[in-house]
Amino acid sequence: MAVAEADLSTLKRIERLPFSRFHWRLLWMGGLGYTFDAMDGAMIAFILPVVSSLWGLTNQQTGILGSSLMIGYLFGAFFAGTLGDLIGRRAVMMYALGIYCVGTLVAAFAQSWQFLFAWRVIASFGTGAESAIIAPFLAEFIQRKYRGRFVGSLSGFFSFGFVFAALLGYFVVPRSPDGWRIIQIIGAVPILMLLWWRRSLPESPRWLIQRERSEEAAAEVQRIEARLTEQELAALPPLHSVEVPAVAAAQGGTFAKNLAALWSGPMARTTLMLWVLWIAITFSYYGFFTWIPTLLVKQGMTITKSFGYSIVIYLAQIPGYYSAAFVSEKLDRKWTIVVYMLLGGVSAYLMSQARSDAAITLAGFSLSFFMNGTYAAIYAYTPELYPTAFRTTGMGVASAFGRIGGLSAPIVIGYTFSRIGFGGVFLITTVVLVAGALAVALLGIGTAGKSLEQITRELEDTARRPQREPLLEHPSRASSRVCPLSKPAVR
C-alpha cells in the first residue's frame, strides 16, 4: 500500500522542522533515561567485588551474577522492540522505566547472591527495554540533517551514567558495609521524577501513519509546529521543496510478521551485519566494563584504588560518545563505526601488553573512548536501516542478540582469566572488535544526509540491483541514487 498524499505531507513537515526547543526536550527526556540506564548497569561492576567478598563467591558465581545485567537486557530489548511496533513507542518507554525503578529498589535489600541475581535481572529488563526503544522512537521526530548528531548525542548520556556510577563506587561503596545497597537506592529514586516529566511525550507520527492513524499523526506534527517561534516558522521551507520518497508500506503488522520481515528480501543482509556488529561490540564492551575493577584488584590494586582508576577510564566515555556523534555526520555512520572499532582493537591490544598502572590506565582510557564512540554511531545507525513498520523490532532484536555477547563475556572472562591472564583477556577483545569492523565495512551502507524513507528505498533498490556496489563509494554519491525524487545529500 502506497503512502497517501496527506501522509506524505505529514512526513515532509517532519523533515523540514528546525532543531527547536521541542527537540531539546526530547533529548533531555531520552538522555536522562539513558543516564539512569547506564548508571544502573555500571553499578554491578562496583557491587561485584564487595558482594564477592561478603558472600565468598567463586569466580564462576561472580561471573554469573555479573551476567544478570545481560540476561535482563536481552529479554527487555527483545520485548521492547517487538511491542514498540505493535502498541506504540511511548507506552513501552514509560513501562520500561517503571520496571527498572522497582527492580533496582528491591535488589538493594538482597540477603543472598541468588536474590540479588533475580532482582538485578528484573531491573536490567527495564533498562534493556529503555535502551532499545529510546533511539528509534526519538529518531523518528528528527529531520535528516540533525539525526546522526541527535541520536549520537542522545546515546552520549550513557557516559554520564557510567561516570556517576564510578563516582558512587569510589565515594560511597568503600565507606560503608552497606554502600553497595545505598548506591542502588540512589539510582532508583530520581526515576519517579523522570516518569512524571515524560507524561507529555507525544507518540511518533511516523508510527501513527504506519498504523493508519493519519489524523493523529498530522495533529502531533501540528502541535510540534505550534511550539515554534515566529522566526522558526518564517524560516520553514515550502513543502514542495522537501524531498521524501513515497515508499510503499512495508510488510509486517504482527509479532510474527515483524520478526520474519527482518530476514526477508533486502533486510537479510542488513540484519546479518547488525547482529554481528552488536554481538561484537557488546561482548567487548561489557566484558571490559563489568570486569575492569575486579581485574585491577587481581592485578594487585586495592578496591579503592581500582575504583579510582575506573573513574578515569569511565571519563573517556564522554568525549568518545560526542566525538563520534559529530564525526558520523561527516564520515557517515558506517565508516565511523569501522574506524572506531578498529582503533578500539588497537587499544585492546595495547591493554594486553600493559604492565604498569599508568600504561593500563592510558590504554583503558583509549579503549573506553573508541568503544563508546562506536556505540554512539550504532544507536544512530541501527534504527535507520529498518522501515517504520518494524523499526523498533529490528533495533530491539539486534540489541537483544548483541546481549548474548554481553551475557557470555563476564562468564568467559571468569572461566578463562586464571588460564590466559590479564593480557589474554584483552587479546580476545582485539579479535572480536576487528571482526565487527569487517562485517560493517563489507555489508553496511551509508545513511548520512538521507531521510528514513530514502534509506528504506535505497535498501530496496540495492536488493534489486544485480551488480555489486564499490565498497568505498562515498556516501554523497550513493545518496544521489536513492530514488528519482531525491537529490544529492547536502552536509
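The values are calculated or read from the model by the stated rules, or taken from the named source; none is laboratory data. On a predicted model such as this, the values are computed, not experimentally measured, just so you know. Reconstructed Cβ throughout: ideal geometry from the backbone, glycine too, with neighbour counts over all protein chains shown. Keep in mind that these areas ignore ligands, DNA and RNA; they rest on the heavy atoms of the full protein, side chains included. Shrake-Rupley method; radii C 1.70, N 1.55, O 1.52, S 1.80 Å.
Considering every residue within region 195-215, establish whether at least one is open to solvent by less than 30 Å² (accessible area, probe 1.4 Å), hydrophobic (A, V, I, L, M, F, W, C) and without any contact (Cβ under 8 Å) to a residue 40 or more places away in the chain. Yes. With the structure loaded, tell me whether Leu233 is free of Cβ contacts under 8 Å to residues at least 24 places away in the same chain, crowded, with 18+ Cβ neighbours inside 10 Å, under 30 Å from Thr456 (Cβ atoms) and not aromatic (Phe, Trp, Tyr) or whether it fails that test. Taking the combined requirement at face value, the residue does not satisfy it.
Can you say whether Ala42 is farther than 28 Å from Tyr146 by Cβ, small (Gly, Ala, Ser) and more than 19 Å from the chain's Cα centre (by Cα), as far as the supplied structure shows? No, not satisfied. Taking every residue in region 60-73 that is under 20 Å from Gly396 (Cβ atoms) and part of a loop (DSSP other than H, G, I, E, B) and pairing it with any residue that is open to solvent by 10 Å² or more (accessible area, probe 1.4 Å) and β-branched (Val, Ile, Thr), at least 6 positions away or on another chain, the pairs with Cβ-Cβ distances below 6 Å are Ser67/Ile411. Of the helices (runs of 4 or more DSSP H) lying entirely inside region 375-489, those containing at least 1 residues that are small (Gly, Ala, Ser), under 21 Å from Ser131 (Cα atoms) and at pLDDT 85 or above span 391-443. Might you check whether a residue that is more than 30 Å from Gln222 (Cα to Cα) and assigned to a helix (DSSP H, G or I) occurs anywhere in region 146-159? Within region 146-159, one or more residues are more than 30 Å from Gln222 (Cα to Cα) and assigned to a helix (DSSP H, G or I). When region 105-140 is filtered for residues that are part of a helix (DSSP H, G or I), open to solvent by 10 Å² or more (accessible area, probe 1.4 Å) and not polar (S, T, N, Q), the ones remaining, listed by number, are Leu105, Val106, Trp113, Phe115, Phe117, Ala118, Trp119, Val121, Ile122, Phe125. Cβ separations smaller than 6 Å between residues 6+ apart or across chains give the following pairs from region 7-24 residues that are farther than 16 Å from Arg211 by Cβ to residues that are open to solvent by 20 Å² or more (accessible area, probe 1.4 Å) and of a type in the set (Gly, Ala, Ser): Leu8/Ala246. Taking the numbered list (1) within 27 Å of Leu407 (Cβ to Cβ); (2) open to solvent by 60 Å² or more (accessible area, probe 1.4 Å); (3) modelled with pLDDT under 75; (4) not aliphatic (A, V, I, L, M) in turn, Pro293 passes all entries but (2). Kindly check whether there is at least one residue in region 31-54 that is part of a helix (DSSP H, G or I), surrounded by fewer than 19 Cβ atoms within 10 Å (Cβ to Cβ) and in contact with a Ser or Thr (Cβ under 9 Å, 6 or more places away or on another chain). No, region 31-54 contains no residue that is part of a helix (DSSP H, G or I), surrounded by fewer than 19 Cβ atoms within 10 Å (Cβ to Cβ) and in contact with a Ser or Thr (Cβ under 9 Å, 6 or more places away or on another chain).
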